[in-house]
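Accompanying notes for the structure given below.
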Amino acid sequence: MSNMTVHTHKYPERFVKLGSHEIEFQSKNGTLYISPKEQLKPYPQKITDRLIQYAQTHPDRVFAAKRGHDDEWIKLTYAETLDRAWRIAQSLKQYSHLSTERPIVILSGNDLEHLTLSMGAMLAGIPFSAISPAYSLISKDFGKLKHVFDVLTPGLVFANDGQAFAKAIEHCCDTDDIVIVTNSGKFGEKNCLAFSSLLCSEISDIKDHYETIDEHQIAKFLFTSGSTKMPKAVPTTHLMLCTNQQMLLQTFPEFEETPQY
């Protein structure tokens, strides 16, 4: 064996907590079942319960941020995010056709509008689905996007850039039957709902409505990659989201450490 050279560095180091590695084995009918010994600790019934909690305990802490056109950070605190989400939820509630059968579809990538719309949808109890932007911006025939629309029959579609996504939207759905939302209030040559208008509603009965949302209701539809066949919709409940996040937290308890700012 050749000699190995150990390289040192001067970067700061610290210990990182990891979850338990203890597992149980069970063999049954030729199948080996492996499960962790550690049980899940208490977790919320809806993932948005955490947003509400931290908007109360840490209202001024930054929840999310993005780079602006001038390369400066545009920040949203927990309190600001929750306020926007409640207003969006209140606005969405007026569209009575939005439901599990007519969910919200988000076509554009990760940004603050995407984030607050998804939070607002969950506060309103309306399932949403975030779709790969490549289905709209790279595909030539929009085959996968058309399949997604046929499966979900969306009642509202959001895209941050109405011009970039207009061709895909018009190809895949009857735009007279769906609420279209973009940042500018336009898609192609047509007018539509501006995202900013969703933030104008006064918060009234939406908080009482939120309390009626069951943890077993569908929060979102995830789609498989579609790498071999057409993407398949995976209904994901509020409870499934919460248990998954609790599992991640116990696997990487470092995430629970108080931020040092």
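General remarks:
- Whenever a residue of region 218-240 is closer than 14 Å to VAL151 by Cα and in a strand (DSSP E or B), it has no partner that is among the hydrophobic types (A, V, I, L, M, F, W, C) and at pLDDT below 95 lying with C-beta atoms less than 6 angstrom away and at least six residues away or across chains.
- The combined condition, being among the β-branched types (Val, Ile, Thr) and either surrounded by 10 or more Cβ atoms within 10 Å (Cβ to Cβ) or farther than 30 Å from PRO127 by Cβ (or both), is fulfilled by THR5.
- Selection status of HIS21, farther than 30 Å from ASP111 by Cα and not β-branched (Val, Ile, Thr): yes
- Test result for ALA134, small (Gly, Ala, Ser), in contact with a helix residue (DSSP H, G or I) (Cβ under 8 Å, 6 or more places away or on another chain) and surrounded by fewer than 23 Cβ atoms within 10 Å (Cβ to Cβ): no
- Residues located in region 132-167, provided they are among the small types (Gly, Ala, Ser), closer than 22 Å to SER197 by Cα and in a helix (DSSP H, G or I): GLY162, ALA164, ALA166
- Residue satisfying condition, being among the acidic types (Asp, Glu) and modelled with pLDDT under 95, within set GLU211, GLU215, GLU256, GLU202: GLU256
- Failed item in (1) over 18 Å from the mean Cα position of the chain (by Cα); (2) outside any helix (DSSP H, G or I); (3) closer than 21 Å to ASN183 by Cα, with SER129 passing the rest: (1)
- Scan of region 90-106 for residues that are of a type in the set (A, V, I, L, M, F, W, C) and either more than 13 Å from PRO127 (Cβ to Cβ) or out of contact with any Gly (no Cβ under 8 Å at 6 or more places or on another chain) (or both), ordered by number: VAL105, ILE106
- Only residues that are farther than 30 Å from ASP83 by Cβ, out of contact with any Leu (no Cβ under 6 Å at 6 or more places or on another chain) and not basic (Lys, Arg) were counted in region 102-154, giving 14.
- Pairs where the first residue, in region 37-61, is within 30 Å of GLN26 (Cα to Cα) and the second is surrounded by fewer than 17 Cβ atoms within 10 Å (Cβ to Cβ) and of a type in the set (A, V, I, L, M, F, W, C), C-beta under 8 Å, 6+ apart: LYS37/ILE23; LEU40/MET247
- Subset tally (residues that are assigned to a loop (DSSP other than H, G, I, E, B) and buried (at least 24 other Cβ atoms within 10 Å of the Cβ)) for region 104-117: 1
- Taking the criterion of being out of contact with any strand residue (DSSP E or B) (no Cβ under 9 Å at 6 or more places or on another chain) and either surrounded by fewer than 13 Cβ atoms within 10 Å (Cβ to Cβ) or among the charged types (D, E, K, R) (or both), the residues of region 39-69 that qualify are GLN39, LEU40, LYS41, PRO42, ASP49, ARG50, GLN56, THR57, HIS69.
- Residue check, THR182 in contact with a His (Cβ under 6 Å, 6 or more places away or on another chain), closer than 23 Å to SER99 by Cβ and crowded, with 16+ Cβ neighbours inside 10 Å: no
- Residues of region 70-97 that are aliphatic (A, V, I, L, M), out of contact with any strand residue (DSSP E or B) (no Cβ under 6 Å at 6 or more places or on another chain) and surrounded by fewer than 23 Cβ atoms within 10 Å (Cβ to Cβ): ALA79 alone.
- Candidate set from region 168-202 (those that are in a strand (DSSP E or B) and out of contact with any Leu (no Cβ under 6 Å at 6 or more places or on another chain)); member that is nearest to PHE149 (Cα to Cα): ILE180
- Of the residues screened, ILE47 is not one that is within 19 Å of PHE158 (Cβ to Cβ) and β-branched (Val, Ile, Thr).
- Odd one out for LEU32, checked against (1) outside any helix (DSSP H, G or I); (2) within 30 Å of ASP205 (Cα to Cα): (2)
The values are calculated or read from the model by the stated rules, or taken from the named source; none is laboratory data. Being a predicted model, the structure only gives us computed values, none of them experimental. Reconstructed Cβ throughout: ideal geometry from the backbone, glycine too, with neighbour counts over all protein chains shown.
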